[in-house]
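Contents: one structure, followed by commentary.
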Amino acid sequence: MADAPQQPAGGRAAMQMQLAAKFKDYRHVWVFVEIERGCVHPVSWELMGEGRKLADDLGVDLCAVVLGPRTDDTKAAISQTYHYGADICYICEDPLLADYRNEPYTRALTGLVDKYQPEILLLGATPLGRDLAGSVATMLQTGLTADSTELRIADDKSLAATRPTFGGTLLCTIHTLNHRPQMATVRPRVMAMPEPDRSRTGRMVWHSLGMAEGDIVTKVLEFVSDARIEKANLAYADIVVAGGMGLRQPGNLALVQRLAEVVGGEWGVSRPLVQKGWAPAERQIGQTGTTIRPRLYIAAGISGAIQHRVGVEGSDLIVAINTDPDARIFDVAHLGVVADALTILPALADAFARRLPGRALAS
Amino acid sequence: MTRLAREFHSVVCIKQVPDSAQIRVHPVTNTIMRQGVPTIINPYDLFALEEAMRLRDEYGGTVTVLTMGPPMAEDALRRALGLGANRAVLITDRRFAGSDTLATSFALSKALTRIGEEHPIDIVFTGKQTIDGDTAQVGPGIARRLGLNQLTYVAAIDALDRDGATITLRRRSEGGVQVLRSRLPCLITMLEDTNTLRRGTIQDMLRAARAPVTTWSAEEAGIADPMQCGLRGSPTVVKRVFAPRPRADKAEMVVVEGKTPAQTADAVLDLLFAQSPNLEAALSARFKS
Ligand SMILES: Cc1cc2nc3c(=O)[nH]c(=O)nc-3n(C[C@H](O)[C@H](O)[C@H](O)COP(=O)(O)OP(=O)(O)OC[C@H]3O[C@@H](n4cnc5c(N)ncnc54)[C@H](O)[C@@H]3O)c2cc1C
Ligand SMILES: Nc1ncnc2c1ncn2[C@@H]1O[C@H](COP(=O)(O)O)[C@@H](O)[C@H]1O
């Protein structure tokens, strides 16, 4: 898809899908369940929610793939896959899968695909998911659509994956012709989190890795957790307050941070602030930063460029503060305030502090 | 690619991309208006280039830049030479047109094989992703095809032991950083903001203008089977390109005239909690304990 929009619209795009005989038996929708250091990445459950719809449309099973060492965490993850909609869980448990490494994970996942032949395979567009998806798709010589924002079953029963291109200015819908499985990654928070049904169970299918530590070139020497580095968890924050170039000076970011603290949320920025070195990259919200899906998003001094917008559209409620009444952020916001962010941000922090019980002291 | 170079050799894959900050979409036809849009080296690739040059400065050797693109992509290579790369290779062929990531990684891996035959490669570098394709797939694709150890999202290279052919580095993962030891040759996709791009020296800039750029067709790059190139070698196809649908309703505007900031803030909270009664309850609840 590197140069997607340059491809002619007619020609190949109009080609009828004639699936080669060897792919005819590829059936069912698979979701790779990402587990790192015992924790399931929530994007996996978001994908299960989406995968369930695709499987129902096709009238096939939804299957989860769990790779990891044999631990209680892995066991818990397996039963959760059913709660989030899986009919079957394919499991490969091996001590070599304790830390993520490309070689054994690629081997396990391609081995499972070759054996059980899914028609669709979904992964989260996280560092792990992207690393694995790229190498598995190449091994299988199949198509992979990165960072999809919408997945749908087309009339011919193939997967239509829509993704932003050119930094979000356009969307394109991509199909995988004549190769299986059809692979796609989806960024965290793009799909909604489904409600788990704790009474559901399903079938388990075990697979062996067939590798020895000596076969794996890359060794993990250490894992430095972000707890020690202090990193933002913007994607899953309930409330996010962000500032843009309208803040004018790096020192004014403190106003954004204080409001975030008062409401118990995370803070973020638009891209220029990262480029200027006012904030670290993990605070950037948008197309090339983090996608957020909070209950409340407050954008102060942000113009609302498309690349920013695509990262915040999933928020339940958006409040925008901007001195320019025509700023594009007001097209996506639910509540707009045409005023100076430098005075409104502290006033909002005070108002929340006053009205939230137990918060007065925090101000 | 398994032979280890006597002289240290990195190849950096760079892509020439339109400066997307300046891209406009035609309001009626919904097509990208490329005319007059300047091209740049994909910004993410510059971190890979700088890292390769930093290692060269420390261990000696050569940095080759490689791109697949139209003949004008030579500009991007010359810019990289001006920044300090030693050698440039362009692969260009009509048959590459319309390549998706699988076909792109195929063509690049062939060219890398040919480069490696002449001058064995220790590290292939790519950027994290491109700003036009934006997939982060080409790097892993190359690694798989060449059987190189795949090291993505690398934040720092801590140590390189050329005799033992090992490399120690830090890789970004969810919730932390993995410290990894792997073996050369390997493929590294470099994370952004991990180094500061140097300015080219006057000598490099002057050299860049005249330096030869090796230009290969598909055949010269060692591609015997063009079925794996371009549109024909691409399993994915773009069926539809369209502009995002704007939201129908605009924001409800809070009246600010004649109000102090404090009154405005109160008005915002009133409207907020009126629109979403759950929010007030949820907010209050989390601070109760
Ligand atoms: C490939 C690509 C990817 C990108 N990815 C991202 C991304 O992930 N995230 C992102 O955010 N951007 C991204 N961008 C950049 C994006 O196009 C915009 O340039 C950027 O979002 C603008 O940031 P801003 O709104 O803070 O600044 P500006 O566009 O400069 O807007 C500042 C706003 O502040 C308002 N203002 C000024 N003073 C005040 C005041 N006192 N009080 C209140 N308002 C005030 C102004 O009216 C204006 O609307 C990307 C661009 C490209 C090309
Ligand atoms: N046409 C190309 N020529 C050279 N390198 C490329 C090309 N396309 C992609 N790359 C490299 O692969 C990386 C990932 O690209 P992408 O998969 O398009 O996001 C880029 O940062 C480049 O280093």
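Of the residues screened, B:SER182 is not one that is over 29 Å from the mean Cα position of the chain (by Cα) and either of a type outside the set (A, V, I, L, M, F, W, C) or more than 30 Å from A:ASP226 (Cβ to Cβ) (or both).
Would you confirm, using the coordinates I've provided, whether B:LEU46 is farther than 23 Å from B:VAL237 by Cα, assigned by TED's automatic domain parsing to the domain that holds B:ARG207, out of contact with any Asp or Glu (no Cβ under 7 Å at 6 or more places or on another chain) and away from ligand 1 (no atom under 16 Å from the Cβ)? Against the criterion (farther than 23 Å from B:VAL237 by Cα, assigned by TED's automatic domain parsing to the domain that holds B:ARG207, out of contact with any Asp or Glu (no Cβ under 7 Å at 6 or more places or on another chain) and away from ligand 1 (no atom under 16 Å from the Cβ)), B:LEU46 does not qualify. Among the conditions (1) of a type in the set (Gly, Ala, Ser); (2) within 14 Å of B:VAL12 (Cα to Cα); (3) within 16 Å of ligand 1 (Cβ to nearest atom), B:ALA143 misses just one, which is (3).
For every residue, the table says whether it meets (1) touching a helix residue (DSSP H, G or I) at 6+ places or on another chain (Cβ under 6 Å); (2) surrounded by fewer than 18 Cβ atoms within 10 Å (Cβ to Cβ); (3) not small (Gly, Ala, Ser).
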residue	(1), (2), (3)
B:ARG210	no, yes, yes
B:SER217	no, yes, no
B:VAL237	yes, no, yes
B:GLY258	no, yes, no
B:ALA265	yes, no, no
B:ARG286	no, yes, yes
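Picking from residues in region A:340-349 that are more than 7 Å from every other protein chain (Cβ to nearest Cβ) and either assigned to a helix (DSSP H, G or I) or crowded, with 18+ Cβ neighbours inside 10 Å (or both), the one that is nearest to ligand 2 (Cβ to nearest atom) is A:ALA341.
Taking region A:18-53 as the region of interest, how many residues are farther than 17 Å from A:LEU112 by Cβ, not polar (S, T, N, Q) and not in a helix (DSSP H, G or I)? Looking only at that region, the number is 9. Of all residues in region B:109-138, those satisfying the criterion of being within 7 Å of ligand 2 (Cβ to nearest atom) and either of a type in the set (Ser, Thr, Tyr) or outside the structural domain of B:CYS13 (by TED's automatic domain parsing) (or both) are B:THR126, B:THR130, B:THR135.
Being more than 9 Å from chain B (Cβ to nearest Cβ) and crowded, with 24+ Cβ neighbours inside 10 Å is a property that holds for A:PRO181.
How about region B:69-100: which of its residues are among the basic types (Lys, Arg) and within 17 Å of the chain's Cα centre (by Cα)? Listed by number, the list holds a single entry, B:ARG79. Among residues of region B:137-159 being in contact with a Cys (Cβ under 6 Å, 6 or more places away or on another chain) and in a strand (DSSP E or B), the one that is nearest to B:THR196 (Cα to Cα) is B:LEU151. Listed by position, the helices (runs of 4 or more DSSP H) contained in region A:253-314 that have at least 2 residues being crowded, with 21+ Cβ neighbours inside 10 Å and either in the same structural domain as A:PRO42 (by TED's automatic domain parsing) or touching a Phe, Trp or Tyr at 6+ places or on another chain (Cβ under 9 Å) (or both) are A:253-262. Here A:ALA353, A:ALA327, A:ALA341, A:ALA299 are screened, and the one residue that is among the aliphatic types (A, V, I, L, M) and either free of Cβ contacts under 8 Å to residues at least 12 places away in the same chain or away from ligand 1 (no atom under 14 Å from the Cβ) (or both) is A:ALA353. Out of A:ALA137, A:ALA192, one residue alone is within 30 Å of A:ILE285 (Cβ to Cβ) and exposed (fewer than 13 other Cβ atoms within 10 Å of the Cβ). It is A:ALA192. For region A:189-210, state whether one or more residues are at pLDDT 95 or above, more than 22 Å from A:ALA108 (Cβ to Cβ) and within 16 Å of ligand 2 (Cβ to nearest atom). No, region A:189-210 contains no residue that is at pLDDT 95 or above, more than 22 Å from A:ALA108 (Cβ to Cβ) and within 16 Å of ligand 2 (Cβ to nearest atom). Does B:ASP134 meet the test of being surrounded by 23 or more Cβ atoms within 10 Å (Cβ to Cβ) and either assigned to a loop (DSSP other than H, G, I, E, B) or among the polar types (S, T, N, Q) (or both)? Answer is yes for this residue. Only residues that are charged (D, E, K, R) and either closer than 25 Å to B:ARG24 by Cα or modelled with pLDDT of 95 or more (or both) were counted across region B:208-247, and they come to 6. Screening the candidates A:ARG283, A:ARG309, A:ARG271 for the property of being more than 8 Å from ligand 1 (Cβ to nearest atom), within 11 Å of chain B (Cβ to nearest Cβ) and of a type in the set (Lys, Arg) yields one hit, A:ARG309.
Of the residues in region B:75-90, none is within 14 Å of chain A (Cβ to nearest Cβ), away from ligand 1 (no atom under 16 Å from the Cβ) and of a type in the set (S, T, N, Q).
Once region A:326-339 is narrowed to residues that are assigned to a loop (DSSP other than H, G, I, E, B) and at the interface with another protein chain (Cβ under 8 Å from one of its Cβ atoms), the residue that is surrounded by the most Cβ atoms within 10 Å (Cβ to Cβ) is A:ALA333. Between A:ALA125, A:ALA146, A:ALA161, A:ALA154, the distinction of being among the small types (Gly, Ala, Ser), within 7 Å of chain B (Cβ to nearest Cβ) and within 28 Å of B:PRO244 (Cα to Cα) belongs to A:ALA146 only.
Listed by position, the strands (runs of 3 or more DSSP E) inside region B:164-258 whose residues that are over 30 Å from A:LEU170 (Cβ atoms) and at the interface with chain A (Cβ under 8 Å from one of its Cβ atoms) number at least 2 are B:166-173, B:176-183.
The values are calculated or read from the model by the stated rules, or taken from the named source; none is laboratory data. Just so it is clear, the structure is predicted and the values come from calculations on it, not from any experiment. Using ideal geometry, Cβ is built from the backbone for each residue, glycine included, and neighbour counts are taken over all protein chains shown.
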